[in-house]
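J.: Right, I'll just put the structure down here and ask away after.
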Amino acid sequence: MTFETKMNDYAHNNIPFIFILSYDMKESIIIPLDQAKAHNILYKVNEKTNYPVQPGDQKTGKKQKVITKMTPVSFDDYKIAFDTLHKEFVNGNTFLTNLTCKTKIESELTIQEIFTHAKAPYKLLVDDTFVLFSPETFIKTDNGYMYTYPMKGTIEADIPDAAKILENDEKEFAEHITVVDLLRNDLGIVSDRVEVTRFRYIVPVFNPGKPLLQTVSEIKGKISESYINRPGSLIAKLLPAGSITGAPKKKTVEIISRIENYTRGFYTGVFGIWENGVIDSAVMIRFIEAEGSDLYYKSGGGITVYSNAESEYKELLHKIYVPVY
């Protein structure tokens, strides 16, 4: 049974469920919500969670360090991928590509402790295999409408006039408007009367090392009748998420598969819950995965023809963090 069919069947029978879908849609976990904990899955989707927060959960001990060491891809290796990608821009094959890498990290915390302490609207722990703490909504539905909130454009918040610099940055504007247009078109596949209801507003993103600012937009559409109460079919039409692929999506996905030298797996897939006809879901970013006894943090950023390799590499490193107080 495909993930699409399974999700539609649960919805048809009014069974609340959690869904976890890999980037390439070849792997999926879809189970009733009340069975998640029994399957070693802990989640937080905004205010809904199966792991009640206790006082002090989001504070680590003074001697505990979340990331004690990281070994990222070298700049030289990153630049090889960056330069290869730049040729694709010159040839007109892509206008925006989300280039990602994985970084080996060391931590004094276990994966479950990272889940416990991290602060984010969306959190997920799957069987001590991977953990994520995402700030980015994939889609939400409410009263027959669907919403998405692409986050593109980042700057360190402590830079003087950071918000103004971000607003006026040509590269960040190009990246943002491209992904907004892409997701507006994606929503148009499964909904009507699609509109950008808020464009490029700035939000803080908690980072204990260097606080960040990001630009976000809100896009809204009325769900088409053929997709009402068919969450599997609706989400299948939208994957992979445009914010972590690029534009045009199909060609850019092909480029990513050639340039990135690792398998994303569940990273940059989507997860969420369906309950009483309502979907709330996230893009699976801010992601740590266990490979044997080693931990890897997967991160990346959007690249356009205006991008600078040094700046993008620096942004990739800034995104390697766990948001704890």
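J.: Among the residues of segment 225-270, what is the count of those that are in a loop (DSSP other than H, G, I, E, B), over 23 Å from residue 100 (Cα atoms) and not basic (Lys, Arg)?
T.: 2
J.: For segment 254-272, which positions are under 30 Å from residue 10 (Cβ atoms) and surrounded by fewer than 20 Cβ atoms within 10 Å (Cβ to Cβ)?
T.: 263, 265
J.: Then there's this: Any chance segment 231-242 includes a residue that's under 20 Å from residue 315 (Cα atoms) and within 18 Å of the chain's Cα centre (by Cα)?
T.: Looking through segment 231-242, at least one residue is under 20 Å from residue 315 (Cα atoms) and within 18 Å of the chain's Cα centre (by Cα).
J.: Just give me the residues in segment 138-172 being among the aliphatic types (A, V, I, L, M), under 23 Å from the mean Cα position of the chain (by Cα) and in a helix (DSSP H, G or I), in sequence order.
T.: Correct list: 163, 166.
J.: Looking only at residues that are of a type in the set (Ser, Thr, Tyr) and part of a loop (DSSP other than H, G, I, E, B) in segment 104-121, which one is surrounded by the most Cβ atoms within 10 Å (Cβ to Cβ)?
T.: It comes out as 107.
J.: Right, another one. What about residue 264, is it within 22 Å of residue 124 (Cα to Cα) and either touching a Lys or Arg at 6+ places or on another chain (Cβ under 7 Å) or not aliphatic (A, V, I, L, M) (or both)? Steps first, answer last, please.
T.: Numbers: within 22 Å of residue 124 (Cα to Cα): yes; either touching a Lys or Arg at 6+ places or on another chain (Cβ under 7 Å) or not aliphatic (A, V, I, L, M) (or both): yes.
The answer is yes for residue 264.
J.: Mind counting the residues in segment 157-203 that are surrounded by fewer than 18 Cβ atoms within 10 Å (Cβ to Cβ), of a type in the set (Lys, Arg) and closer than 27 Å to residue 320 by Cβ?
T.: Adding up the residues that qualify gives 2.
J.: So for segment 204-217 (the condition being surrounded by fewer than 20 Cβ atoms within 10 Å (Cβ to Cβ), more than 21 Å from the chain's Cα centre (by Cα) and not in a loop (DSSP other than H, G, I, E, B)), does at least one residue qualify?
T.: Looking through segment 204-217, none of the residues is surrounded by fewer than 20 Cβ atoms within 10 Å (Cβ to Cβ), more than 21 Å from the chain's Cα centre (by Cα) and not in a loop (DSSP other than H, G, I, E, B).
J.: Can residue 93 be described as at pLDDT 95 or above, touching a helix residue (DSSP H, G or I) at 6+ places or on another chain (Cβ under 9 Å), surrounded by 12 or more Cβ atoms within 10 Å (Cβ to Cβ) and farther than 29 Å from residue 291 by Cβ?
T.: Judged against the criteria, residue 93 is a match.
J.: Within the bounds of segment 66-81, is there any residue that is surrounded by fewer than 16 Cβ atoms within 10 Å (Cβ to Cβ), within 23 Å of the chain's Cα centre (by Cα) and among the hydroxyl-bearing types (Ser, Thr, Tyr)?
T.: yes
J.: Now, a different point. Considering only residues that are out of contact with any Ser or Thr (no Cβ under 9 Å at 6 or more places or on another chain), crowded, with 17+ Cβ neighbours inside 10 Å and either closer than 13 Å to residue 236 by Cβ or aliphatic (A, V, I, L, M) (or both), which ones fall in segment 1-28?
T.: The answer is 11, 18.
J.: Across segment 283-303, what is the number of residues that are in a loop (DSSP other than H, G, I, E, B) and surrounded by fewer than 22 Cβ atoms within 10 Å (Cβ to Cβ)?
T.: Summing the residues that are in a loop (DSSP other than H, G, I, E, B) and surrounded by fewer than 22 Cβ atoms within 10 Å (Cβ to Cβ) in segment 283-303 gives 2.
The values are calculated or read from the model by the stated rules, or taken from the named source; none is laboratory data. Just so it is clear, the model here is predicted, and its values are computed rather than measured. All Cβ positions, glycine included, derive from the backbone under ideal geometry; neighbour counts span all protein chains shown.
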